[in-house]
Structure formats: structure tokens, C-alpha cells
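S.K.: Structure in C-alpha cells, see below.
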Amino acid sequence: MRGQAREVSRWPFRVVSDANVFVAASRKDHQEKAQKDGYPESSCREFLRRWLSQQFSILSTLEILLELVEKLEDLGADRAKVKRLLEFIRDHAEEVRVVTRGPWCDDPDDDKYLAAALDGAASHLVSYDKKVLRARGEFPFRRMRTPGFLKDLREELKERTQAVST
């Protein structure tokens with residue numbers, strides 16, 4: 001039933017990602033820092049690569065996509081590339097109809113992520129925003145940064161691979 005928090009199954013992972021994860025994945029400086037630190041790719045790029053290989057589902061809303069557009073335009077991103085990205089997300093993410101409203105965060109603009117996670121029966125909300133990660137309330141999904149989510153995903157995939165091979 002939409003609009004109410006409910007227990008969700010642990011698998012498959014259903015993820016609401018804040019716009020900054022997509023922005024960071026597109027930034028060369030994040031990729032360069034990861035490589036300098038000895039990693040083949042940034043955690044945000046790995047996140048997107050694993051989503052594209054259908055290892056988990058992304059949940060989105062129009063509000064979240066509009067914020068992504070705003071952030072990319074503020075960074076001077078090419079409009080044609082932004083349009084292609086939005087079309088891709090629209091075609092590959094699950095659209096959530098939000099009916100639940102906060103307040104949970106000190107910044108009401110951040111409540112859209114929590115509402116999408118609640119109404120979309122998310123398993124995880126991935127964000128770098130401390131206000132989102134520390135939002136007031138109990139939620140049936142995990143709130144974490146990209147590296148923490150990737151650790152959860154790798155562990156779950158490893159467990160599933162071991163279960164199939166035995």
C-alpha cells in the first residue's frame with residue numbers, strides 16, 4: 001500500500017540515490033582521485049556500473065530528476081548530455097509515485113529522497129548529504145553513503161553466489 005512505511009525484502013536491492021551520486025559519477029576529478037588512491041574507478045561510477053548491469057534497481061521521482069538537472073546545469077554540463085542522461089534514467093529507473101510527506105530533514109527540500117524511499121519500498125537510500133543520512137525517524141531502509149551501499153551489495157551477491165554453488 002502506497003504512502004506508508006512497510007517492511008521490505010532484503011533482495012533485490014531497491015535504491016533511491018540522491019542527485020549528488022549521479023553528479024559525482026560524471027565528474028573527472030572524482031575519477032582521478034579514486035585512481036590516485038589506487039582504485040580503478042570512483043565509488044559513484046562503480047555504483048552506476050553495477051546499476052547498469054542490473055545488480056539492483058534505482059527508484060526515482062520527477063522531483064529527484066529535476067534536482068539532478070539543476071545541479072548538472074549549475075556545473076555547466078552540456079544540455080544534450082543532460083537530456084540523454086535523463087532519458088536513460090527515465091527508461092531504466094522505476095518511477096515512484098510519492099504520496100508520503102515529511103518533515104524528516106532540517107532542509108525540507110531533502111525530504112523528497114526519504115519520501116521516495118518510503119513509497120518505493122526501497123531497501124537503501126544512498127546519499128552524501130548529512131541531513132538526509134541523519135534525518136529524524138525510523139525507516140525500513142538503510143541510509144548510507146555509496147561505499148557502504150557497495151559493501152552491502154558485494155556481500156549480498158557473494159552470499160547468493162555461494163548459495164547457488166552449494
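S.K.: Students sometimes get this wrong: rank Asp119, Asp152 by accessible area, probe 1.4 Å, all chains present, largest first.
M.R.: Details: Asp119 0, Asp152 25 Å².
Heavy-atom accessible area, descending, gives Asp152, Asp119.
S.K.: Could you quote the convex hull projected area for segment 12-166, Cα atoms only and averaged over all directions, in nm²?
M.R.: If I average the Cα hull's projected area over directions, I get 10.1 nm².
S.K.: Straight-line reach from Lys131: which aspartates and glutamates have a Cα under 19 Å away, not including same-chain ones fewer than 8 places off?
M.R.: Straight-distance partners of Lys131: Asp18, Glu63, Glu67, Asp106, Asp107, Asp109, Asp110, Asp111.
S.K.: So with the 1.4 Å probe, I'd like the accessible area per residue for segment 82-166, rounded to whole Å².
M.R.: Working: 4880 Å² over 85 residues.
Heavy-atom SASA per residue in segment 82-166 reads 57 Å².
S.K.: At 7 Å along the Cα-to-beta-carbon direction for both Val99 and Arg84, put a label point, then send me their distance in nm to one decimal.
M.R.: Once both label points are built, they end up 3.8 nm from each other.
S.K.: Another one. What FRET efficiency comes out for Tyr39 versus Glu155 if R0 is 22 angstrom and r is the Cβ-Cβ distance? Round to the nearest 0.05. Could the numbers behind the result be given before it?
M.R.: Values: r = 18 Å, r/R0 = 0.83.
Efficiency at R0 = 22 Å is approximately 0.75.
S.K.: Accessible area, 1.4 Å probe, largest first: how do Thr166, Thr146, Thr161 sort?
M.R.: Values: Thr166 140, Thr146 0, Thr161 90 Å².
Correct descending sequence by accessible area is Thr166, Thr161, Thr146.
S.K.: Related question: Quick one: order Tyr113, Tyr128 from most to least accessible surface, probe 1.4 Å. Intermediate results must be reported in sequence, preceding the final value.
M.R.: Working: Tyr113 5, Tyr128 75 Å².
These residues rank, largest area first, as Tyr128, Tyr113.
S.K.: Which of the GluC sites (Glu not before Pro) found in segment 56-136 are in a DSSP loop and have at most 12 neighbouring Cβ atoms, other than their own, within 10 Å?
M.R.: When the GluC sites (Glu not before Pro) of segment 56-136 are filtered for loop state and at most 12 Cβ neighbours within 10 Å, nothing remains.
The values are calculated or read from the model by the stated rules, or taken from the named source; none is laboratory data. Note that the coordinates shown come from a computational prediction; the quantities given were computed from them, not determined experimentally. All Cβ positions, glycine included, derive from the backbone under ideal geometry; neighbour counts span all protein chains shown. Calculation scope for accessible area: heavy atoms of the full protein, side chains included, ligands and nucleic acids excluded. Shrake-Rupley method; radii C 1.70, N 1.55, O 1.52, S 1.80 Å.
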